[in-house]
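First the structure, in the form of structure tokens, and then the observations on it.
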Amino acid sequence: MADIESALLEIIKENAVGLTGEPTRETSIADLGIDSFAVVEIIYEVEEKLGIEVPFNANENPLANMKSVGDLIDAVKKLSGQA
Amino acid sequence: MNGKGRRVVVTGLGAVCATGANVDEFWANGIAATCGTQTRTIRANDGTQITTPVAQVDGFAERAASLGRDIGRADAFSKFAAAAADEAVADSGIDFDNGLGGRTATIIGTGIGGQSSLEDGYINMLSLDKRPHPLTILRLIPNAAASHLSIRFGLRGPAFAISSACASGAHSIGVAADLIRAGTSDAAIAGASEAIITKGALQAWKAMHILSDELCRPFSKNRKGLIIGEGAGILVLEEYEHARARGAKIYAEIVGFGMNSDGKDMINPAVEGAADAMRMALGGVQVPSAENIYINAHGTGTLMNDPTETKAIRSVFGADADDLVVSSTKAMHGHLLGAAGGVESIMAIKAIQSDIVPPTINYDVPDPECDLDIVPNEARNRRVDLAISNSFAFGGLNAVVAFGRV
């Protein structure tokens, strides 16, 4: 399996339209400018590239309760059993 | 909301298809008798392919990439619609702020919708053992183009797709005009888009034995069928007083709209249905002298359509049918299916604006069954006061839009 943290940062970089500069663990989720399309795409990429299944409903933004990119990385690691 | 006496005019035009990346190019090629069809090999992403004549849009990728992130993730049919709508809106100079957006309809037809998204999804699943992309549904739904345009321009009036095969575009323009006439809306973005030049779709069309294997030759005795095209034709429609009050450039008025169904057969067209739809479109119209009437025919170049349409035109116009002119521009831009009524309405409107009638190209053998003046092979200078766009779809669905000089 790819390194989850670097793979996820790459995925975020590709899909976060509001992002300026490089994303880090400290980058705020609110600053990523992620819209409803991008949420679906990010999760698809995570599933494809990291080989895990993310349980979520597209009408509920799974990022809503996360503050930073670090929270997202930790959540994905947990799903993959690497936390 | 009193719809009484409200008139509808066309104030913006946008087109993209094999014979033009915009309206100016499309019209210049139209009067230059440019043939946009070519035999090409179309490949699917599993490596299979089909070789057949098509009228494909070239060099669109860069423009599509410039249409923004939302449209960038959409199906090709939404991309064509956005490109044509951007042109039409810019052309009209209309401003949807200050409340007009809430009173503007978005009616964008398509025969199929997101064909390539559907096909890619199936090939991924069935041949490549991959999952479909998560946006597959949002890409392929036939209302995707209408939804994208309503979001793109902030339009909050009625928005939907009309899907009536090859009559989708004419239905969309006619219904949008009716919405304005009725007072439901004050303006509309109306037209249609189609993008089905894919391996699977062409294979299915080929299975119907209705595609030409060389050129498309409408009304010619040696016609062998239609050639599939792609693209979009979009109009900005406005209530007449609204357009006048803002000093808009007015191309033409939508003076009539007729729609009905044959109620007979999925494939074979009926003379009476087509004729009645034309009569309906001309119902309240002050019909000028036949010398000043142009009909942009459905003219698919199939064995059945062209003589049926000829008889229908004769039935409606009687002896005048020999004095008016008819042409099928499909031999140039291909059959855009759902979007045919969109780009062909633009041909009709430009004929009024320019007093030039675009030709029926690839015509070489007269057919006594198709004996109207079909403006063979070369455009003709001629005053046009009334231009009619015919669309007769598989399934017996007829839609006819009549445009008049303002």
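The values are calculated or read from the model by the stated rules, or taken from the named source; none is laboratory data. For clarity, every value in this text was computed on a predicted model and none was experimentally measured. Don't worry about glycine lacking a Cβ; one is built from the backbone with ideal geometry, like all the others, and counts go over all protein chains shown.
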### Task
Would you mind telling me which numbered condition in (1) assigned to a helix (DSSP H, G or I); (2) over 19 Å from the mean Cα position of the chain (by Cα); (3) outside the structural domain of B:Gly101 (by TED's automatic domain parsing) B:Ala204 fails?
(3)
### Query
Going by the conditions given, is B:Gly12 buried (at least 24 other Cβ atoms within 10 Å of the Cβ) and part of a strand (DSSP E or B)?
yes
### Task
Could you tell me whether A:Phe37 is part of a loop (DSSP other than H, G, I, E, B), within 13 Å of another protein chain (Cβ to nearest Cβ) and not polar (S, T, N, Q)?
no
#### Entry: Hey, B:Arg131 within 14 Å of another protein chain (Cβ to nearest Cβ) and among the basic types (Lys, Arg) or not
yes
### Task
Among the candidates A:Ile34, A:Ile42, A:Ile11, single out the residue that is touching an Asp or Glu at 6+ places or on another chain (Cβ under 7 Å) and within 22 Å of B:Ala74 (Cβ to Cβ).
A:Ile11
### Query
What number of residues in segment B:244-261 are charged (D, E, K, R) and in contact with a strand residue (DSSP E or B) (Cβ under 7 Å, 6 or more places away or on another chain)?
2
### Query
Within the set of pairs 6+ apart or on separate chains, which have a first residue in segment A:47-62 that is surrounded by fewer than 15 Cβ atoms within 10 Å (Cβ to Cβ), a second that is in a loop (DSSP other than H, G, I, E, B), and C-beta atoms under 7 Å apart?
A:Gly51/A:Met1; A:Phe56/A:Pro62
### Given (1) in a loop (DSSP other than H, G, I, E, B); (2) of a type in the set (Lys, Arg); (3) within 14 Å of chain A (Cβ to nearest Cβ), index of the condition B:Lys221 fails
(3)
### Query
Looking only at helices (runs of 4 or more DSSP H) that fall completely inside segment B:274-390, which ones have 3 or more residues that are within 29 Å of B:Ala88 (Cα to Cα)?
B:330-333, B:340-354
### Query
Which residues, counting only those in segment B:143-164, are surrounded by fewer than 21 Cβ atoms within 10 Å (Cβ to Cβ) and assigned to a loop (DSSP other than H, G, I, E, B)?
B:Asn143, B:Gly154, B:Arg156, B:Pro158, B:Ser163
### Query
Residues of segment B:52-93 being more than 14 Å from every other protein chain (Cβ to nearest Cβ), in a helix (DSSP H, G or I) and among the β-branched types (Val, Ile, Thr), which ones?
B:Val89
#### Entry: Qualifying positions in segment B:285-301 - in contact with a Lys or Arg (Cβ under 7 Å, 6 or more places away or on another chain) and surrounded by fewer than 24 Cβ atoms within 10 Å (Cβ to Cβ)
B:Asn292
### Task
Just give me the residues in segment B:109-128 being in contact with a Leu (Cβ under 6 Å, 6 or more places away or on another chain) and either within 14 Å of chain A (Cβ to nearest Cβ) or not in a loop (DSSP other than H, G, I, E, B) (or both), in sequence order.
B:Ser117, B:Leu118
### Message
Of all residues being outside any helix (DSSP H, G or I) and over 30 Å from B:Ser147 (Cβ atoms) in segment A:1-22, which is farthest from the other protein chains (Cβ to nearest Cβ)? Just the residue, please.
### Response
A:Asp3
